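J.: One structure, pasted below without further comment.
The values are calculated or read from the model by the stated rules, or taken from the named source; none is laboratory data. It should be emphasised that the depicted structure is a prediction, and the values quoted were computed from it without experimental measurement. Glycine gets a Cβ as well: all are built from the backbone with ideal geometry, and neighbour counts include every protein chain shown. With ligands, DNA and RNA removed, areas are computed over all heavy atoms of the protein, side chains included. Shrake-Rupley method; radii C 1.70, N 1.55, O 1.52, S 1.80 Å.
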Amino acid sequence: MKILAVDTSSKNCSVAIVEVDENKNYNIMAFENSDDEKTHSQKLMPIVDKVFKEHNLTLKDMDLLACCVGPGSFTGIRIGIATMKAFADVTNIKTVSVTSLESLSYNIEEDGIIIPIIDCKNNNVYSAIFSKENNTYKQIGKNISDNIDNAISLYKANAENKNITFVGDGSILYKDLLTSRLSNKLIFSNKNTQSSISLAKCAYDKYLEGLYGDSNNLSPLYLRKSQAERALVEK
């Protein structure tokens, strides 16, 4: 199976073509990044075109389309989803939606508790708690959209006395606070960039669970209002 994976939910625009066999051996056929968030709309299609041409592939050679649906950059999320929806509508290729928190957790290969943290400014974070055991990732509880202090309280309640691996830009920003507030053994990953390779691996696991569909399967995951919407409410 060949998977086209696209993640435009952060400042990093990431595109990969990943081939996976029935034994879950992954072959990274192509992988490209652009870290200029303001030009996702201009760079996404050229990157996709580049990875196809370099490997003499076309969209019709893909078996699955994996798209990051957020949370993250509102504009970036819309760009990625609109593009992958168009691809699915033209080709009828099945789609899988993956959250940025799920994708980040797949950056970590070691078993244990994994907590991705994405900074969303003003001491607020997007986060979630995952456990990984025997190559299986499982989310514990719901996605978190809250201030870092309340998020830490949830970490304490759901991961007491367990080793924790933190990943994501928020884990870098709040490292000192996490270290001072949690008594667990903490590991801070250096794999903190959202990656379309991790996205593809998560998408394949979801595909095996039957969690796929047509273009309507892709819809944005917004855990908080946009800045414009918050400003309107404040008025």
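J.: Would you mind calculating the gained length between Met45 and Ser153 on full extension (0.36 nm times residue separation, minus the Cα-Cα distance), in nm to one decimal? Spell out each step's value before the answer.
T.: Details: separation 108, 0.36 × 108 = 38.88 nm, distance 4.14 nm.
My answer for the length gained is 34.7 nm.
J.: Treating only the Cβ atoms of Lys and Arg (+1) and Asp and Glu (-1) as charged, compute the dipole magnitude of the chain about its Cα centre; round to the nearest 20 debye.
T.: Details: 27 positive and 29 negative charges, 120 e Å.
So the magnitude is around 580 debye.
J.: Evaluate the charge dipole of the range 81-163 about its Cα centre and quote only its size in Debye, nearest 20, assuming +1 on the Cβ of each Lys and Arg and -1 on the Cβ of each Asp and Glu. Walk me through the numbers on the way to the answer.
T.: Numbers: 8 positive and 10 negative charges, 49 e Å.
Roughly 240 debye, rounded to the nearest 20.
J.: What range in the chain is the longest one free of GluC sites (Glu not before Pro) that are in a loop by DSSP and have at most 14 other Cβ atoms within 10 angstrom?
T.: Details: sites that count: Glu22, Glu109, Glu110, Glu160, Glu209.
Maximal segment without exposed cleavage sites: 23-108.
J.: I need to check one value: relative contact order of the range 1-122, counting alpha carbon pairs closer than 8 Å and at least 6 residues apart, in percent. Kindly include the intermediate steps, with their values, before the conclusion.
T.: Values: 206 pairs, mean separation 30.7, N = 122.
After rounding, I find 25 percent.
J.: Another one. Under a point-charge model restricted to the Cβ atoms of Lys and Arg (+1) and Asp and Glu (-1), what is the dipole moment magnitude of the range 12-51 relative to its Cα centre, in debye to the nearest 20?
T.: Values: 4 positive and 8 negative charges, 24 e Å.
Using only the charged Cβ atoms, the result is roughly 120 debye.
J.: Give me the 1.4 Å probe accessible area per residue for the chain, excluding ligands and nucleic acids, in Å².
T.: Working: 11800 Å² over 235 residues.
Ligands and nucleic acids excluded, the result is 50 Å² per residue.
J.: Can I ask one more? Which percent of the accessible heavy-atom area of the chain goes to carbon and sulfur, probe 1.4 angstrom?
T.: Details: 5360 of 11800 Å².
That fraction is 45 percent.
J.: Would you work out if the range 128-218 is rounded, prolate or oblate? Take a ≥ b ≥ c from the square roots of the eigenvalues of the alpha-carbon gyration tensor; rounded if a/c is under 1.5, else prolate when a/b is larger than b/c, oblate otherwise.
T.: Judged from the Cα gyration tensor, the range 128-218 comes out prolate (a/c at least 1.5, a/b above b/c).
J.: Quick one: if the Förster radius is 35 Å, what FRET efficiency do Phe31 and Thr75 give, using the C-beta to C-beta distance and rounding to 0.05? Working shown, then result.
T.: Working: r = 23 Å, r/R0 = 0.66.
E between Phe31 and Thr75, to the nearest 0.05, is 0.90.
J.: Quote to one decimal, in nm, the extra length available between Asn216 and Asn134 on full extension: 0.36 nm per residue of separation minus the C-alpha distance between them. Let's see the in-between values first.
T.: Details: separation 82, 0.36 × 82 = 29.52 nm, distance 3.20 nm.
Gain on extension, Asn216 to Asn134, equals 26.3 nm.
J.: So in the chain, what percent of DSSP beta bridges are antiparallel if you round to the nearest 5? Can you show the working numbers first?
T.: Working: 30 of 46 bridges.
Around 65 percent of the beta bridges assigned by DSSP in the chain are antiparallel ones.
J.: Which Cα, out of Ile164, Asn147, Asn134, lies furthest along the positive dipole direction of the range 119-193 (beta carbon charges, K/R +1, D/E -1)?
T.: Towards the positive end, the residue furthest out is Asn134.
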